[in-house]
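See below for the structure under consideration.
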Amino acid sequence: MSRKPVIIFEGIEGSGKTSHINYISKYLKSRRIKHIKIREPGGTKNSEKIRKIILNNKSTFNKDTDLLLYLAARSENIYQLKKYYKKKIILIDRFVDSTIAYQHYGFGLNLSIIELLNKYLLKNFKIDFTFLNIVNKTNMKRRLKMRKSLNRYDKFEYKFYNKVQNGFLKQAKKNKSKYLIVNSNLDIKINKKIILDKIDKLI
């Protein structure tokens, strides 16, 4: 593995992935280690514009349009990230696994199409490691209630999120050596240490 890995933080809403990626970014800054941190959808200037469209509560896109918008945002990100690939550590809040978990396992879109489009976009851009954050129904709902505002993807029934989380777990099981499943129902301090210990090994 490159010492400048691409590291992904995945999970459903309220799973703690964003808190953990922000914590790791601060840690790397404290050590003056060069890195890039972005989120999906969003991250780069053009991708953030697409993010606003996708997550707007007034948007009523069909499932296929949603998929293509997410991939359009990713296309903009990959174009920018390739400049730093293997030159800086890259941290990404959601990536390919999210598209498969939400659009395939959640909404039932064709998996082969999703994989084909991602392969076309990524080309030689490889993921080195993924932290998959899982959360139970009680904690997910409690954390969502604490948010100041909710976007369109924060408002589905729990049955949908459960399908998505199971989709994430199925992907992790296919490549266990490149995943760490983080039980976000545990104390956040415990998980921070688990993740940080793994990050130190990766870099």
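Give region 108-149 a look and list any residue that's out of contact with any strand residue (DSSP E or B) (no Cβ under 8 Å at 6 or more places or on another chain) and charged (D, E, K, R), or say none.
Across region 108-149, the qualifying residues are E115, K119, K123, K137, K141, R142, R143, K145, R147, K148.
Could you tell me which numbered condition G106 fails, if it satisfies all but one of (1) out of contact with any Lys or Arg (no Cβ under 6 Å at 6 or more places or on another chain); (2) under 22 Å from L71 (Cβ atoms); (3) not hydrophobic (A, V, I, L, M, F, W, C)?
Here G106 clears every test but (1).
Can you find even one residue in region 27-42 that is within 16 Å of the chain's Cα centre (by Cα), surrounded by 15 or more Cβ atoms within 10 Å (Cβ to Cβ), in a helix (DSSP H, G or I) and acidic (D, E)?
no
Kindly list the number of the only condition in (1) crowded, with 17+ Cβ neighbours inside 10 Å; (2) at pLDDT below 95 that fails for R3.
If we test R3 against (1) crowded, with 17+ Cβ neighbours inside 10 Å; (2) at pLDDT below 95, just (1) comes out false.
From L144, L117, grab the single residue that is touching a Leu at 6+ places or on another chain (Cβ under 9 Å), over 21 Å from K173 (Cβ atoms) and crowded, with 16+ Cβ neighbours inside 10 Å.
L117
The values are calculated or read from the model by the stated rules, or taken from the named source; none is laboratory data. On a predicted model such as this, the values are computed, not experimentally measured, just so you know. Positions of Cβ are backbone-derived with ideal geometry, glycine not excepted, and every protein chain shown enters the neighbour counts.
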